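Novice: So that we are looking at the same thing, I have put the structure below in structure tokens.
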Amino acid sequence: MTRIAVSLILAAGCGADNRPLTLQSTTTARACQATAVQIDGPIDGRSLRATLTGWPGLYATVEGDTVRFETPALARETSLTLTLLEGDSALDTQRLQLAAGDTVDTWAPGTVAGCAPFYEGVGSAESTASSVLLWTRLQGGGALTWQVATTPSFEDVVQTGETNASADADYTVTVEATGLPASTTLYYRFLASDGASSPIGRTRTAPTGVVDQLAFAVASCSSLYSGYFNAYRHIASRDVLDGVIHLGDYLYDYVDAEERVRVPNPEPSTPQTLDGWRDLHRNYLSDPDFRAARQQHPWLVIWDNHDLELGGGEALTSAIQAFHEYVPIRLNDTSAPDRIYRRAVFGEMLDLILLDTTLHRDGPPGDATQMLGAQQEAWLDEVVDGSTAAWRLFGSQKLMGEVKINPSFGPFLGGEREVFDPNAWDGFPASRERFFQRLADAGYKDNVVVSGDSHITAVMDLVRTMSGYDATTGDGSVGVEILPTSISRGNFDETLGQGSEDIIEGLRGDTLTRNPHHVHLDLVQHGYGHLVFTPEEMRAAVHYVPILEPSEDSTAGPTYVLPRGVGHWAR
């Protein structure tokens, strides 16, 4: 077990009797073990608590004259701050320097297993106003008890239950905790029969009725091999999110030749079997930043082409099974695990409608057939017609709005073309026209599309016909779209390589000129999106992070505003 050096910076405060309370730590702490820090001073009759900052999802409890907490397994040296409080007054502070945990030479840099026997951590997903799905994996399997509480100390357990982790699901479990209070931040954990505890997860139930505000992180295209998951670290550190929306390519089935930033040795092969896909999911969950983001917020995920084997048959069936084992999804029909399109309701404020533009197409791009397939399109029509929420947020793996390009740039994008991506909605114009017509016929203006896959930042109005659109004001739009770049998969600079700056800037400027409904375009930065909905407006921003090394740096791009009832981005 790794020994972790602890350095102390004491700022002694005084209690009510003017005698100091200080924290007296041991000189070392051990990863994945309970760490005890002694309190020196008068304790009797005093109500003390302690907080830990510096890494998300860590909680300290005061037991008599001792502060206790679990040290996580991290892949890089991390500084924690332990604060002892009485009421709102800080009595003493210590900084604890945690060294990197044990890593495996053959694993990708920046990865390390979580604490036994819950090596892959915990996660929550698909919140409703009264329930949430909880997930973990117990190495070796066995009986589990799960608990949901209102505080991380679990003094007030509001729901509990029993389950069993078996080999049939690769020792993963997904349980539904029901009977929960609406619009509430809750904490959960799993307990093995031998008393071992999982990390403490944090989740949040959806609201009912009138809602003041909703906030979501939006992610896509997260390649472990292409870069560090600094974006996930930032998402994990956000205090309040109603959900993390992941729009596909949640993982990658192969290493891209131009993006070999942290590749395991030996290099992994493309999965072909159920065991191969399971290994890939576990490989991704060896990243502490990824585990932390799943631990801290409820997720809503749709897959894309790299998450599956699209050739069909047993290979596709195996990829789908592994995906459901490791990514909790609330299915409309449990007998049809390939149908993950669904709706999530967030009070009277928002209907979140997740589409699957990957698995149910009727025909190849460009032949004016179905992008969604007839069954999904009929379902979507019903959902749109029945929506009464103030806002509708549509999640699409593929870019929905029109993106015309100069044909001379086609060779840089993979072949002759007049649109940026013929595999996106631009390749299915009839499907897009039907969808936009549905929104127009229903009289809805407060429509937002978030999309992924393209590894760019694109912010645009959604326009049925350019002849009926005023680019100066935005009038004539049926809604807006934002594609908030990729978590780590290569953008234009990685794909085209060094010396491509002029080509990239030329493509960006020319594309904006050809598409007057676009209000922003970035082709090189990585990160994630952040959306905030209120009854008056929706505000969207992209937070950019480096990917070539571990970093806590973040730069917020411009904020784009969609006023209620307008149907286009504010100018």
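Novice: Inside the range 218-229, can you point out the residues that are buried (at least 24 other Cβ atoms within 10 Å of the Cβ) and over 10 Å from the mean Cα position of the chain (by Cα)?
Specialist: 221, 223, 224, 226, 227, 228, 229
Novice: Identify the single condition in (1) among the aliphatic types (A, V, I, L, M); (2) part of a loop (DSSP other than H, G, I, E, B); (3) modelled with pLDDT of 95 or more that residue 148 does not satisfy, given that it satisfies every other one.
Specialist: So residue 148 meets the others, but not (2).
Novice: Mind checking which pairs have a first residue in the range 148-167 that is within 22 Å of residue 130 (Cβ to Cβ) and a second that is charged (D, E, K, R), Cβ under 8 Å, 6 or more apart or different chains?
Specialist: Partner pairs satisfying both residue conditions: 149/155; 149/156; 150/156; 152/202; 154/189.
Novice: Would you check if residue 404 is assigned by TED's automatic domain parsing to the domain that holds residue 532, touching a strand residue (DSSP E or B) at 6+ places or on another chain (Cβ under 8 Å) and surrounded by fewer than 21 Cβ atoms within 10 Å (Cβ to Cβ)?
Specialist: yes
Novice: Something else: Determine, yes or no, whether residue 512 is part of a strand (DSSP E or B) and either modelled with pLDDT under 95 or more than 30 Å from residue 110 (Cα to Cα) (or both).
Specialist: Details: part of a strand (DSSP E or B): no; either modelled with pLDDT under 95 or more than 30 Å from residue 110 (Cα to Cα) (or both): yes.
No.
Novice: Let me ask something else. Could you please give the count of residues in the range 197-238 that are out of contact with any Lys or Arg (no Cβ under 8 Å at 6 or more places or on another chain), assigned to a loop (DSSP other than H, G, I, E, B), among the hydrophobic types (A, V, I, L, M, F, W, C) and under 24 Å from residue 279 (Cα atoms)?
Specialist: 1
Novice: Within 28 Å of the chain's Cα centre (by Cα) and either of a type in the set (Ser, Thr, Tyr) or not assigned by TED's automatic domain parsing to the domain that holds residue 558 (or both): does that describe residue 534?
Specialist: It is true that residue 534 is within 28 Å of the chain's Cα centre (by Cα) and either of a type in the set (Ser, Thr, Tyr) or not assigned by TED's automatic domain parsing to the domain that holds residue 558 (or both).
Novice: Tell me which residues, restricted to the range 440-453, are within 26 Å of residue 541 (Cβ to Cβ) and modelled with pLDDT under 95.
Specialist: Correct list: 444, 445.
Novice: Only one of these is outside any strand (DSSP E or B) and either on the phi > 0 side of the Ramachandran plot or not assigned by TED's automatic domain parsing to the domain that holds residue 512 (or both): 415, 410. Name it. Reasoning before the result, please.
Specialist: Numbers: 410 fails: either on the phi > 0 side of the Ramachandran plot or not assigned by TED's automatic domain parsing to the domain that holds residue 512 (or both).
Within the list 415, 410, the selection yields 415.
Novice: Continuing with the same structure: Can you tell me how many residues in the range 121-149 are among the hydroxyl-bearing types (Ser, Thr, Tyr) and buried (at least 21 other Cβ atoms within 10 Å of the Cβ)?
Specialist: Number of matching residues: 3.
Novice: Looking at the structure I just gave you, is residue 283 assigned to a helix (DSSP H, G or I), of a type outside the set (Ser, Thr, Tyr), outside the structural domain of residue 76 (by TED's automatic domain parsing) and over 27 Å from residue 353 (Cα atoms)? Talk me through it step by step, then tell me what you get.
Specialist: On the way: assigned to a helix (DSSP H, G or I): yes; of a type outside the set (Ser, Thr, Tyr): yes; outside the structural domain of residue 76 (by TED's automatic domain parsing): yes; over 27 Å from residue 353 (Cα atoms): yes.
Yes, satisfied.
Novice: Please go through the range 507-547 and pick out each residue that is over 25 Å from residue 473 (Cα atoms) and without any contact (Cβ under 8 Å) to a residue 12 or more places away in the chain.
Specialist: none
Residue by residue, here is whether (1) under 28 Å from the mean Cα position of the chain (by Cα); (2) surrounded by 23 or more Cβ atoms within 10 Å (Cβ to Cβ) holds:
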| position | (1), (2) |
| --- | --- |
| 436 | yes, no |
| 441 | no, no |
| 449 | yes, yes |
| 452 | yes, yes |
| 473 | no, no |
| 480 | yes, yes |
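Novice: While we're on this one: Out of all the residues in the range 430-438, is one or more hydrophobic (A, V, I, L, M, F, W, C) and within 18 Å of residue 540 (Cβ to Cβ)?
Specialist: Checked against the condition, which is being hydrophobic (A, V, I, L, M, F, W, C) and within 18 Å of residue 540 (Cβ to Cβ), the range 430-438 yields no hits at all.
Novice: Going through the range 179-217 one residue at a time, which ones are closer than 19 Å to residue 135 by Cα and of a type in the set (A, V, I, L, M)?
Specialist: The answer is 180, 186, 191, 192, 196, 200, 206.
Novice: If you scan the range 52-106, which residues turn out to be surrounded by fewer than 18 Cβ atoms within 10 Å (Cβ to Cβ), hydrophobic (A, V, I, L, M, F, W, C) and part of a loop (DSSP other than H, G, I, E, B)?
Specialist: 99, 100, 104
Novice: Here's another thing I want to ask about it. On the given criteria, is residue 501 of a type in the set (D, E, K, R), at pLDDT below 95 and over 30 Å from residue 446 (Cα atoms)?
Specialist: Values: of a type in the set (D, E, K, R): yes; at pLDDT below 95: yes; over 30 Å from residue 446 (Cα atoms): yes.
Yes; evaluated as a whole, the condition is true for this residue.
The values are calculated or read from the model by the stated rules, or taken from the named source; none is laboratory data. Everything numeric in this text was worked out from a predicted model, so none of it was measured. Neighbour counts run over all protein chains shown; Cβ positions are idealised from the backbone, glycine included.
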